[in-house]
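The numbers here are math on the coordinates, done by the rules we state, and not lab data. Bear in mind that the values here come from a model prediction, so they are computed numbers and not experimental data. Cβ placement follows ideal geometry from the backbone for every residue including glycine, while neighbour counts extend to all protein chains displayed.
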């Protein structure tokens, strides 16, 4: 598995520096959701590289460009696919809290893997168009 260089703020010793370590620090439900998202990205992009950037698991194309970042919080999993992706999928994301660059997937609802797959596919398309 390839790992990408750190970006953004430097990780400190008390923060996870590997995606496995990041995921292991959470309870079973959050771990399962993070692992499911990770597996989906790896299935869709077998050559994906992963690292911790901005203290979050980050999935990148081998040729460069972030696909998506994820993070676990008290009551949701946050996805960070870049603002252009959120804008492109605005109608599909209407049932979820969003901001310019973030999507919140509440823990009290089932993980919408089909939606996450569309988010990743949209992000891949937008990266290709920009190349």
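Overview of values
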| read-out | value |
| --- | --- |
| Exposure proxy ranking, count of Cβ atoms within 10 Å, fewest first, for 60, 55, 123, 43 | 43, 55, 60, 123 |
| CD proxy at 222 nm, helix term only [per DSSP H run n ≥ 4: -39500 (n - 2.57); per residue of the chain; nearest 500] | -11000 deg cm²/dmol |
| Order of 59, 26 - criterion: other Cβ atoms within 10 Å of each residue's Cβ, fewest first | 26, 59 |
| Value of Rg to Rh for region 19-130 (Rh from inverse mean 1/r over Cα pairs, i.e. Kirkwood) | 0.93 |
| Computed lengthening from residue 104 to residue 44, 0.36 nm per intervening residue step minus Cα-Cα distance | 19.5 nm |
| FRET efficiency, 1/(1 + (r/R0)^6) with R0 41 Å, evaluated for residue 128 and residue 26 via beta carbons | 0.80 |
| Ranked list, fewest to most other Cβ atoms within 10 Å of each Cβ, for 42, 76 | 42, 76 |
